[in-house]
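Have a look at the structure below before the remarks.
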Amino acid sequence: MVAGDGAGPQATVLAEDAGWPLFAEPSSGAFARPGATKVSLNAIPAYRLLLDTPVAQHISRVITFGRPTLSRPVTALLNRPDVEVIHVARPGEAGPPRVHQRLEGRVDASETCVHPDWLRIWQHAGAAAEQILDSAGSDSAGVKPSHAQQLSPLRVAELAVQACRAEDAMVVAASNAVRDLDLVAHRLPPGVPVWANRGLAGIDGTIGTAIGVAVGMRRRTRVLAGDLAFLHDVGSLSVPQMERAAVPAVQIIVLNDDGGGIFELLEPAGQVPGFGRDTFERFFGTPHGNGIGALCAGFAVPHVVVRDEDGLRAQLARPPAGVSVVEVGLDRRFRRRQAARLQGAVRTRLRAQA
Ligand SMILES: Cc1ncc(C[n+]2csc(CCOP(=O)(O)OP(=O)(O)O)c2C)c(N)n1
(Lines give C-alpha, C1' and ligand atoms only; values in the text may rest on other atoms or scores of the structure.)
Protein backbone atom coordinates (compact mmCIF):
# COMPACT_ATOMS: atom_id res chain seq x y z
CA MET A 1 0.00 0.00 0.00
CA VAL A 2 1.19 3.51 -0.81
CA ALA A 3 -0.17 6.20 1.52
CA GLY A 4 0.36 9.58 -0.08
CA ASP A 5 -0.21 13.06 1.29
CA GLY A 6 -3.35 13.24 3.42
CA ALA A 7 -4.08 9.49 3.31
CA GLY A 8 -4.95 9.31 7.01
CA PRO A 9 -5.07 6.39 9.44
CA GLN A 10 -7.75 4.59 7.40
CA ALA A 11 -4.82 3.44 5.26
CA THR A 12 -2.94 2.09 8.28
CA VAL A 13 -5.96 0.19 9.53
CA LEU A 14 -6.48 -1.47 6.14
CA ALA A 15 -2.78 -2.30 5.71
CA GLU A 16 -2.64 -3.87 9.17
CA ASP A 17 -5.91 -5.78 8.80
CA ALA A 18 -4.87 -7.12 5.40
CA GLY A 19 -1.22 -7.76 6.34
CA TRP A 20 0.16 -5.50 3.60
CA PRO A 21 3.44 -3.58 3.62
CA LEU A 22 2.73 0.15 3.95
CA PHE A 23 4.78 2.86 2.23
CA ALA A 24 3.76 6.00 4.10
CA GLU A 25 4.84 9.43 2.87
CA PRO A 26 5.77 11.90 5.65
CA SER A 27 2.54 13.91 5.37
CA SER A 28 0.31 10.85 4.93
CA GLY A 29 -0.83 10.77 8.56
CA ALA A 30 -0.77 7.00 8.10
CA PHE A 31 2.06 5.86 10.35
CA ALA A 32 -0.21 4.55 13.09
CA ARG A 33 -3.78 3.46 13.79
CA PRO A 34 -5.90 6.06 15.56
CA GLY A 35 -4.85 6.26 19.20
CA ALA A 36 -1.83 3.97 18.74
CA THR A 37 1.27 4.90 20.70
CA LYS A 38 3.64 3.10 18.35
CA VAL A 39 4.28 3.37 14.64
CA SER A 40 2.66 0.53 12.71
CA LEU A 41 4.93 -2.45 12.07
CA ASN A 42 3.49 -2.48 8.55
CA ALA A 43 5.09 0.92 7.82
CA ILE A 44 8.28 0.01 5.97
CA PRO A 45 11.24 2.23 6.87
CA ALA A 46 13.02 3.98 4.01
CA TYR A 47 10.69 2.22 1.54
CA ARG A 48 11.82 4.51 -1.25
CA LEU A 49 15.30 2.98 -1.23
CA LEU A 50 13.81 -0.51 -1.55
CA LEU A 51 11.98 0.14 -4.79
CA ASP A 52 15.18 -0.29 -6.76
CA THR A 53 15.97 -3.71 -5.26
CA PRO A 54 14.94 -7.28 -6.17
CA VAL A 55 12.13 -7.39 -3.59
CA ALA A 56 10.20 -4.69 -5.49
CA GLN A 57 10.13 -6.79 -8.64
CA HIS A 58 7.57 -9.05 -7.00
CA ILE A 59 5.03 -6.26 -6.54
CA SER A 60 2.04 -6.88 -8.80
CA ARG A 61 -0.63 -4.70 -7.21
CA VAL A 62 -0.54 -1.39 -5.33
CA ILE A 63 -3.35 0.10 -3.28
CA THR A 64 -3.05 3.87 -3.03
CA PHE A 65 -4.56 6.32 -0.57
CA GLY A 66 -4.23 10.11 -0.62
CA ARG A 67 -1.93 11.82 -3.07
CA PRO A 68 1.33 10.00 -3.74
CA THR A 69 3.47 12.49 -5.64
CA LEU A 70 6.65 12.61 -3.66
CA SER A 71 9.31 10.46 -5.21
CA ARG A 72 10.34 9.20 -8.58
CA PRO A 73 10.64 5.56 -7.43
CA VAL A 74 6.99 5.56 -6.29
CA THR A 75 5.84 7.26 -9.49
CA ALA A 76 7.79 4.67 -11.48
CA LEU A 77 6.19 1.86 -9.47
CA LEU A 78 2.70 3.22 -10.13
CA ASN A 79 3.50 3.41 -13.85
CA ARG A 80 4.95 -0.08 -14.17
CA PRO A 81 2.97 -1.96 -16.85
CA ASP A 82 2.99 -5.13 -14.74
CA VAL A 83 1.54 -3.37 -11.69
CA GLU A 84 -2.19 -2.95 -11.11
CA VAL A 85 -3.11 0.23 -9.24
CA ILE A 86 -6.22 0.42 -7.07
CA HIS A 87 -7.00 3.80 -5.56
CA VAL A 88 -9.14 4.15 -2.46
CA ALA A 89 -10.61 7.59 -3.04
CA ARG A 90 -12.35 10.20 -0.99
CA PRO A 91 -15.30 11.71 -2.85
CA GLY A 92 -14.03 13.86 -5.70
CA GLU A 93 -10.43 12.69 -5.32
CA ALA A 94 -8.91 11.49 -8.59
CA GLY A 95 -5.88 9.57 -7.33
CA PRO A 96 -2.74 8.87 -9.35
CA PRO A 97 -2.88 9.36 -13.12
CA ARG A 98 -2.87 5.64 -13.95
CA VAL A 99 -5.52 3.83 -11.93
CA HIS A 100 -7.10 0.49 -12.84
CA GLN A 101 -9.78 0.50 -10.17
CA ARG A 102 -11.18 3.26 -8.03
CA LEU A 103 -12.90 2.38 -4.77
CA GLU A 104 -14.86 4.71 -2.53
CA GLY A 105 -16.02 4.35 1.03
CA ARG A 106 -14.94 1.72 3.50
CA VAL A 107 -12.75 -1.04 2.09
CA ASP A 108 -12.93 -4.41 3.78
CA ALA A 109 -9.74 -6.42 4.13
CA SER A 110 -11.46 -9.69 4.95
CA GLU A 111 -11.56 -10.98 1.38
CA THR A 112 -8.03 -10.07 0.43
CA CYS A 113 -5.32 -12.66 0.39
CA VAL A 114 -1.60 -12.20 0.40
CA HIS A 115 1.30 -14.59 0.94
CA PRO A 116 1.92 -14.77 4.70
CA ASP A 117 5.64 -14.06 4.20
CA TRP A 118 5.12 -10.95 2.06
CA LEU A 119 4.98 -8.48 4.95
CA ARG A 120 7.88 -10.15 6.75
CA ILE A 121 10.06 -9.91 3.61
CA TRP A 122 9.42 -6.17 3.41
CA GLN A 123 9.97 -5.65 7.12
CA HIS A 124 13.29 -7.42 6.75
CA ALA A 125 14.26 -5.27 3.79
CA GLY A 126 13.18 -2.12 5.65
CA ALA A 127 15.29 -3.11 8.65
CA ALA A 128 18.32 -3.58 6.37
CA ALA A 129 17.77 -0.15 4.81
CA GLU A 130 17.47 1.39 8.27
CA GLN A 131 20.76 -0.14 9.33
CA ILE A 132 22.42 1.42 6.31
CA LEU A 133 20.82 4.77 7.06
CA ASP A 134 22.14 4.57 10.60
CA SER A 135 25.61 3.60 9.49
CA ALA A 136 25.58 6.57 7.12
CA GLY A 137 26.27 8.61 10.25
CA SER A 138 29.33 6.55 11.15
CA ASP A 139 30.54 6.27 7.56
CA SER A 140 30.61 2.48 7.37
CA ALA A 141 28.56 2.65 4.18
CA GLY A 142 30.73 5.44 2.85
CA VAL A 143 27.88 7.92 2.74
CA LYS A 144 29.07 10.37 5.36
CA PRO A 145 29.85 13.82 4.07
CA SER A 146 33.47 14.82 3.79
CA HIS A 147 35.19 16.96 6.39
CA ALA A 148 34.19 20.02 4.41
CA GLN A 149 30.62 19.28 5.43
CA GLN A 150 30.12 18.10 8.97
CA LEU A 151 26.41 17.45 8.75
CA SER A 152 24.58 15.61 6.01
CA PRO A 153 21.06 16.80 5.14
CA LEU A 154 19.74 13.39 6.12
CA ARG A 155 21.34 13.69 9.54
CA VAL A 156 19.73 17.10 9.98
CA ALA A 157 16.32 15.59 9.24
CA GLU A 158 17.06 12.71 11.60
CA LEU A 159 18.06 15.02 14.46
CA ALA A 160 14.99 17.20 13.91
CA VAL A 161 12.83 14.08 14.09
CA GLN A 162 14.58 12.91 17.26
CA ALA A 163 13.94 16.28 18.87
CA CYS A 164 10.17 16.13 18.25
CA ARG A 165 7.89 15.28 21.12
CA ALA A 166 4.43 13.80 20.62
CA GLU A 167 2.81 17.18 21.21
CA ASP A 168 4.91 18.98 18.54
CA ALA A 169 4.13 19.52 14.87
CA MET A 170 6.38 19.45 11.84
CA VAL A 171 6.26 21.39 8.59
CA VAL A 172 8.47 20.51 5.65
CA ALA A 173 9.18 22.52 2.56
CA ALA A 174 8.93 21.00 -0.90
CA SER A 175 12.16 19.92 -2.63
CA ASN A 176 14.76 17.90 -0.70
CA ALA A 177 13.46 18.71 2.80
CA VAL A 178 10.34 16.57 2.43
CA ARG A 179 12.26 13.83 0.61
CA ASP A 180 14.93 13.67 3.32
CA LEU A 181 12.19 13.46 5.91
CA ASP A 182 10.61 10.66 3.86
CA LEU A 183 13.53 8.41 4.85
CA VAL A 184 13.23 9.03 8.59
CA ALA A 185 9.61 10.12 9.21
CA HIS A 186 8.69 6.70 10.64
CA ARG A 187 10.84 7.64 13.63
CA LEU A 188 8.59 10.54 14.61
CA PRO A 189 6.37 9.87 17.59
CA PRO A 190 2.97 8.81 16.20
CA GLY A 191 0.53 11.67 16.40
CA VAL A 192 3.02 14.37 15.37
CA PRO A 193 1.22 16.03 12.48
CA VAL A 194 3.45 16.56 9.46
CA TRP A 195 2.42 19.26 7.01
CA ALA A 196 3.87 19.52 3.55
CA ASN A 197 2.36 21.91 1.05
CA ARG A 198 2.03 19.48 -1.79
CA GLY A 199 -0.20 21.44 -4.19
CA LEU A 200 1.87 21.59 -7.35
CA ALA A 201 4.90 20.83 -5.17
CA GLY A 202 5.58 24.55 -4.81
CA ILE A 203 8.29 25.77 -2.49
CA ASP A 204 6.19 28.82 -1.65
CA GLY A 205 4.37 29.61 1.57
CA THR A 206 6.33 27.33 3.91
CA ILE A 207 6.97 29.82 6.71
CA GLY A 208 3.42 31.18 6.69
CA THR A 209 2.10 27.62 6.73
CA ALA A 210 4.27 26.77 9.73
CA ILE A 211 3.14 29.79 11.70
CA GLY A 212 -0.48 28.93 10.85
CA VAL A 213 0.02 25.32 11.98
CA ALA A 214 1.66 26.42 15.24
CA VAL A 215 -1.02 28.99 16.07
CA GLY A 216 -3.97 26.90 14.83
CA MET A 217 -2.90 23.66 16.48
CA ARG A 218 -1.22 25.31 19.47
CA ARG A 219 1.82 23.13 18.93
CA ARG A 220 5.52 23.84 19.06
CA THR A 221 6.50 23.46 15.43
CA ARG A 222 9.72 22.48 13.68
CA VAL A 223 10.25 23.43 10.08
CA LEU A 224 12.71 21.91 7.63
CA ALA A 225 13.29 24.11 4.60
CA GLY A 226 15.88 24.69 1.90
CA ASP A 227 17.31 28.17 1.48
CA LEU A 228 15.25 28.95 -1.64
CA ALA A 229 12.02 27.88 0.06
CA PHE A 230 12.99 30.08 3.01
CA LEU A 231 13.78 33.07 0.79
CA HIS A 232 10.58 32.60 -1.20
CA ASP A 233 8.47 33.15 1.91
CA VAL A 234 10.81 35.31 3.96
CA GLY A 235 8.11 37.98 4.26
CA SER A 236 6.17 35.63 6.53
CA LEU A 237 8.81 36.27 9.20
CA SER A 238 7.03 39.56 9.69
CA VAL A 239 4.62 38.56 12.44
CA PRO A 240 2.69 41.64 13.59
CA GLN A 241 3.97 42.76 16.98
CA MET A 242 0.61 42.38 18.70
CA GLU A 243 0.28 38.78 17.44
CA ARG A 244 3.70 37.55 18.53
CA ALA A 245 2.65 36.42 21.99
CA ALA A 246 0.15 34.04 20.36
CA VAL A 247 2.80 32.22 18.32
CA PRO A 248 4.18 29.06 19.93
CA ALA A 249 7.81 28.19 19.18
CA VAL A 250 8.31 27.89 15.42
CA GLN A 251 11.86 26.71 14.86
CA ILE A 252 12.86 26.95 11.22
CA ILE A 253 15.85 24.82 10.26
CA VAL A 254 17.20 26.24 7.03
CA LEU A 255 19.36 23.83 5.04
CA ASN A 256 21.41 26.44 3.26
CA ASP A 257 23.20 24.99 0.26
CA ASP A 258 23.04 28.28 -1.64
CA GLY A 259 20.58 27.28 -4.32
CA GLY A 260 18.43 24.42 -5.50
CA GLY A 261 20.01 21.24 -4.15
CA ILE A 262 17.35 19.02 -5.66
CA PHE A 263 18.56 19.79 -9.15
CA GLU A 264 21.86 18.09 -8.29
CA LEU A 265 19.87 14.85 -8.41
CA LEU A 266 18.43 15.50 -11.84
CA GLU A 267 19.92 14.68 -15.20
CA PRO A 268 21.40 18.13 -16.01
CA ALA A 269 23.76 17.83 -13.03
CA GLY A 270 25.24 14.65 -14.50
CA GLN A 271 27.53 14.33 -17.47
CA VAL A 272 25.58 16.03 -20.23
CA PRO A 273 27.64 16.79 -23.35
CA GLY A 274 27.95 20.53 -23.95
CA PHE A 275 26.30 21.31 -20.63
CA GLY A 276 28.98 22.46 -18.22
CA ARG A 277 28.83 23.20 -14.53
CA ASP A 278 28.54 26.93 -15.17
CA THR A 279 25.43 26.42 -17.24
CA PHE A 280 24.02 24.12 -14.58
CA GLU A 281 24.71 26.68 -11.88
CA ARG A 282 23.15 29.51 -13.81
CA PHE A 283 19.90 27.80 -14.76
CA PHE A 284 19.45 25.11 -12.09
CA GLY A 285 21.68 25.67 -9.08
CA THR A 286 20.89 29.41 -8.99
CA PRO A 287 23.24 30.38 -6.13
CA HIS A 288 22.14 33.66 -4.54
CA GLY A 289 24.62 34.40 -1.74
CA ASN A 290 21.88 36.03 0.34
CA GLY A 291 22.57 36.34 4.04
CA ILE A 292 19.97 34.38 5.98
CA GLY A 293 21.19 35.90 9.25
CA ALA A 294 20.97 39.46 7.92
CA LEU A 295 17.43 38.85 6.71
CA CYS A 296 16.43 37.44 10.09
CA ALA A 297 17.98 40.44 11.83
CA GLY A 298 15.76 42.70 9.73
CA PHE A 299 12.71 40.92 11.10
CA ALA A 300 14.12 40.73 14.66
CA VAL A 301 13.98 36.94 14.40
CA PRO A 302 16.64 35.06 16.43
CA HIS A 303 19.10 33.30 14.12
CA VAL A 304 22.03 30.98 14.74
CA VAL A 305 24.36 29.10 12.43
CA VAL A 306 25.25 25.55 13.46
CA ARG A 307 28.21 23.69 12.05
CA ASP A 308 28.07 20.29 13.65
CA GLU A 309 25.83 17.72 15.23
CA ASP A 310 26.35 18.89 18.80
CA GLY A 311 25.51 22.44 17.84
CA LEU A 312 22.33 21.37 16.08
CA ARG A 313 21.26 19.09 18.93
CA ALA A 314 21.72 21.94 21.39
CA GLN A 315 19.52 24.29 19.34
CA LEU A 316 16.86 21.66 18.76
CA ALA A 317 16.70 20.91 22.47
CA ARG A 318 15.61 24.43 23.38
CA PRO A 319 13.81 26.38 20.68
CA PRO A 320 13.12 29.94 21.80
CA ALA A 321 9.56 31.24 22.02
CA GLY A 322 8.10 32.55 18.77
CA VAL A 323 9.72 32.28 15.37
CA SER A 324 13.45 31.48 15.23
CA VAL A 325 15.91 30.24 12.63
CA VAL A 326 18.70 27.69 12.80
CA GLU A 327 20.87 27.79 9.70
CA VAL A 328 22.86 24.73 8.66
CA GLY A 329 25.44 25.27 5.95
CA LEU A 330 25.59 22.43 3.42
CA ASP A 331 27.36 21.84 0.16
CA ARG A 332 24.89 20.68 -2.45
CA ARG A 333 27.63 19.21 -4.67
CA PHE A 334 27.68 16.23 -2.27
CA ARG A 335 23.99 15.50 -2.82
CA ARG A 336 24.31 13.39 -5.92
CA ARG A 337 27.11 11.23 -4.59
CA GLN A 338 25.43 10.77 -1.20
CA ALA A 339 22.14 9.73 -2.77
CA ALA A 340 23.86 7.32 -5.16
CA ARG A 341 25.96 5.77 -2.41
CA LEU A 342 23.00 5.31 -0.11
CA GLN A 343 20.90 3.72 -2.84
CA GLY A 344 23.88 1.61 -3.94
CA ALA A 345 24.55 0.38 -0.41
CA VAL A 346 20.91 -0.67 0.04
CA ARG A 347 20.82 -2.38 -3.36
CA THR A 348 24.02 -4.29 -2.68
CA ARG A 349 22.86 -5.43 0.76
CA LEU A 350 19.50 -6.65 -0.51
CA ARG A 351 20.99 -8.37 -3.54
CA ALA A 352 23.30 -10.24 -1.20
CA GLN A 353 20.29 -11.27 0.91
CA ALA A 354 18.10 -12.25 -2.07
C1 LIG B 1 6.87 28.46 -6.12
C2 LIG B 1 7.86 27.57 -6.79
N3 LIG B 1 8.80 28.10 -7.58
C4 LIG B 1 9.72 27.30 -8.18
C5 LIG B 1 9.68 25.96 -7.98
C6 LIG B 1 10.69 25.06 -8.69
N7 LIG B 1 11.58 24.46 -7.71
C8 LIG B 1 11.42 23.19 -7.29
S9 LIG B 1 12.56 22.72 -6.20
C10 LIG B 1 13.35 24.20 -6.30
C11 LIG B 1 14.61 24.44 -5.53
C12 LIG B 1 14.34 24.59 -4.09
O13 LIG B 1 15.52 24.93 -3.44
P14 LIG B 1 15.62 24.89 -1.86
O15 LIG B 1 14.36 25.36 -1.26
O16 LIG B 1 16.86 25.59 -1.46
O17 LIG B 1 15.70 23.34 -1.52
P18 LIG B 1 16.78 22.26 -2.03
O19 LIG B 1 16.44 21.94 -3.44
O20 LIG B 1 18.14 22.84 -1.88
O21 LIG B 1 16.52 21.12 -1.13
C22 LIG B 1 12.69 25.06 -7.16
C23 LIG B 1 13.11 26.44 -7.47
C24 LIG B 1 8.68 25.44 -7.15
N25 LIG B 1 8.60 24.14 -6.88
N26 LIG B 1 7.79 26.26 -6.56
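The values are calculated or read from the model by the stated rules, or taken from the named source; none is laboratory data. None of these values were measured; they are calculated from a predicted model. A quick note on method: Cβ atoms are made from the backbone with ideal geometry, for glycine too, and the neighbour counts reach across all protein chains shown. For accessibility, only protein heavy atoms count, side chains too; no ligands or nucleic acids. Shrake-Rupley method; radii C 1.70, N 1.55, O 1.52, S 1.80 Å.
Observations
- Residue within the range 154-172 that is buried (at least 20 other Cβ atoms within 10 Å of the Cβ), modelled with pLDDT of 95 or more, touching a Cys at 6+ places or on another chain (Cβ under 7 Å) and part of a strand (DSSP E or B) present: yes
- Close Cβ contacts (under 7 Å, 6 or more residues apart or on different chains) running from residues in the range 320-337 that are of a type outside the set (Ser, Thr, Tyr) and open to solvent by 40 Å² or more (accessible area, probe 1.4 Å) to residues that are in a strand (DSSP E or B) and modelled with pLDDT of 95 or more comprise GLY329/ASN256; GLY329/VAL305.
- Picking from residues in the range 231-257 that are small (Gly, Ala, Ser) and touching a residue at least 40 places away in the same chain (Cβ under 8 Å), the one that is farthest from PHE299 (Cα to Cα) is ALA249.
- Where strands (runs of 3 or more DSSP E) sit wholly within the range 173-278, none has at least 3 residues that are within 12 Å of the ligand (Cβ to nearest atom), over 30 Å from THR37 (Cβ atoms) and not assigned by TED's automatic domain parsing to the domain that holds ALA300.
- Residue satisfying condition, being assigned to a helix (DSSP H, G or I), in contact (Cβ under 8 Å) with a residue 24 or more places away in the chain, touching a His at 6+ places or on another chain (Cβ under 9 Å) and surrounded by 17 or more Cβ atoms within 10 Å (Cβ to Cβ), within set VAL55, VAL39: VAL55
- Scan the range 197-230 for residues that are aliphatic (A, V, I, L, M) and in contact with a Leu (Cβ under 8 Å, 6 or more places away or on another chain) and the total you get is 4.
- Only residues that are under 25 Å from PRO320 (Cβ atoms) and in contact (Cβ under 8 Å) with a residue 40 or more places away in the chain were counted in the range 166-177, giving 8.
- Scanning the range 95-140 for residues that are modelled with pLDDT under 90, within 27 Å of ALA340 (Cα to Cα), open to solvent by 30 Å² or more (accessible area, probe 1.4 Å) and among the aliphatic types (A, V, I, L, M) gives no hits.
- Residue list for the range 64-85, restricted to those being in a strand (DSSP E or B) and open to solvent by 20 Å² or more (accessible area, probe 1.4 Å): ARG67, GLU84
- Matching residues, the range 1-33, being closer than 16 Å to VAL114 by Cα and assigned to a loop (DSSP other than H, G, I, E, B): MET1, GLY19, TRP20, PRO21
- When THR286 is tested against (1) under 20 Å from ARG179 (Cβ atoms); (2) surrounded by 16 or more Cβ atoms within 10 Å (Cβ to Cβ); (3) at pLDDT 95 or above, just one condition goes unmet, and that condition is (2).
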